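The values are calculated or read from the model by the stated rules, or taken from the named source; none is laboratory data. Remember, predicted model here, so these are calculated numbers, not experimental data. Neighbour counts run over all protein chains shown; Cβ positions are idealised from the backbone, glycine included.
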Amino acid sequence: MKAAILSYPMLFQNQGGLQIQIHETITSLNNIGINAKLIDPGREKLTDYDIIHVFSAINGNHRIIEYAKAIKKPVVTSPLIQPHWNRQLGRRARLMESIVGHLSNWEIKTEYRHIYSCLDKSDRLIALGNLEKKAIISAFRLPDSKIDIIPNGIPERFFKANERLFIEKTGINSGFVLCIGSIYQHKNQITLAEVTRNLNVPLVLIGPCLPSNKSYLETLLKFPNVHYIGALEYDDPLLASAYAAAAVFCLPSLSEVMPLCVIESLAAGTPVVMTKNHGMDTSELQKVLSEISPLKTNMIQESIASYLLNPPDKQLCSSSVEDLTWNNVAISIKNVYTKLLK
């Protein structure tokens, strides 16, 4: 079975959760016998593949799906729908689509129409969790029967992470608060810097910073407790070690879909404080994960302080996500592919 993996052209100019998800999906599918490949549509033809798997429902990806359907290829889409899409927003978006359509003689289409086209024309949709599935059904009125839930996986190295390497390489002792992600306002690191300063605990930041966000980083570095490590490659052993050395992982972003860093931190034995605006199913993680409003500084501070004073057992953190391996993810995706091809 040959699977063509595609997304929008500029995606891989940066490294983030989606890029990691795609690469890990491809590797794990190949490990179980699926010939999966990230293809270049400028050089390769979709007709040479048995199945098309598109990641993300935005940035023009609806055109890929339209063409795939025109050549009668089955399409699976992992749409990564943001949790703010709900029934009310969907209703407003359809009203706006109608207004724009009438004013432009239906020559102009909104983002909602592009996303809907992706979802509607796909043969199967893969949601990362129940919240994303609910958003797809509520805002875009797609049937429940069209959607499979397959969460992201975690590489084995995070379960085996050890704090020693990070301490030796950086000189920063264990017990700090860790935040991993691109450095910019949406990730809300300034608020986290203020909170950790108030708690008198070091804050370690890891992630890329674009030149346009340099001033934001400079503001962060004015806090005496902030340590910026820079960007690390996903397979760098220092990354897994950083999770293990941290006392608490905090992701106070304004919104997330299903951030890999959260489950990676738990795999390494470190509890998590994260934004409530996300698409994860956290119902089974209540003992090791706290959700906060990213705009409520006191709430973030209290949640971090609680874990610093009463940390959960590391084994409890790890065992809470032990079933989320990339091998399990690959098997589930293969089952989706196989059913479609039959």
*Do any strands (runs of 3 or more DSSP E) entirely within region 230-316 hold 1 or more residues that are among the small types (Gly, Ala, Ser), and if so, which?*
289-292
*Taking the condition on the phi > 0 side of the Ramachandran plot, of a type in the set (Gly, Ala, Ser) and surrounded by 14 or more Cβ atoms within 10 Å (Cβ to Cβ), does Gly171 pass?*
no
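Does at least one position in region 186-195 carry a residue that is of a type in the set (Val, Ile, Thr), part of a loop (DSSP other than H, G, I, E, B) and over 19 Å from Val262 (Cβ atoms)?
Here is the first cut: in region 186-195, the ones of a type in the set (Val, Ile, Thr) are 190-191, 195.
From what's left, part of a loop (DSSP other than H, G, I, E, B): none.
Within region 186-195 (the criterion being of a type in the set (Val, Ile, Thr), part of a loop (DSSP other than H, G, I, E, B) and over 19 Å from Val262 (Cβ atoms)), the answer is no, since none of the residues qualifies.
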*Regarding Arg141, is this residue at positive phi, surrounded by fewer than 19 Cβ atoms within 10 Å (Cβ to Cβ) and not acidic (Asp, Glu)?*
yes
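Of the residues Val257, Val273, Val288, which single one is within 17 Å of Phe158 (Cβ to Cβ) and not polar (S, T, N, Q)? Talk me through it step by step, then tell me what you get.
Numbers: Val257 fails: within 17 Å of Phe158 (Cβ to Cβ); Val273 fails: within 17 Å of Phe158 (Cβ to Cβ).
Of Val257, Val273, Val288, the one residue that is within 17 Å of Phe158 (Cβ to Cβ) and not polar (S, T, N, Q) is Val288.
One line per residue, one yes/no per condition, for (1) among the aromatic types (Phe, Trp, Tyr); (2) modelled with pLDDT of 95 or more; (3) surrounded by 15 or more Cβ atoms within 10 Å (Cβ to Cβ); (4) in the same structural domain as Cys179 (by TED's automatic domain parsing):
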| site | (1), (2), (3), (4) |
| --- | --- |
| Ile20 | no, no, yes, no |
| Asn35 | no, yes, no, no |
| Asp50 | no, yes, yes, no |
| Ile65 | no, yes, yes, no |
| Ala68 | no, yes, yes, no |
_Subset tally (residues that are more than 21 Å from Lys314 (Cβ to Cβ), modelled with pLDDT of 95 or more and among the hydroxyl-bearing types (Ser, Thr, Tyr)) for region 226-254_ = 2
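Which is touching a Pro at 6+ places or on another chain (Cβ under 8 Å) and within 27 Å of Lys160 (Cβ to Cβ), of Leu239, Leu289, Leu316? I'd like the intermediate steps shown before the answer.
Values: Leu239 fails: touching a Pro at 6+ places or on another chain (Cβ under 8 Å); Leu316 fails: touching a Pro at 6+ places or on another chain (Cβ under 8 Å).
Result: Leu289 is the single residue among Leu239, Leu289, Leu316 that is touching a Pro at 6+ places or on another chain (Cβ under 8 Å) and within 27 Å of Lys160 (Cβ to Cβ).
Here is a yes/no grid of residues against (1) under 22 Å from Pro74 (Cα atoms); (2) hydrophobic (A, V, I, L, M, F, W, C); (3) crowded, with 17+ Cβ neighbours inside 10 Å:
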| site | (1), (2), (3) |
| --- | --- |
| Leu119 | yes, yes, yes |
| Pro151 | yes, no, yes |
| Leu178 | no, yes, yes |
| Gln185 | no, no, no |
| Val195 | no, yes, yes |
*Residues that are of a type in the set (S, T, N, Q): which strands (runs of 3 or more DSSP E) entirely in region 69-174 hold 2 or more of them?*
75-78
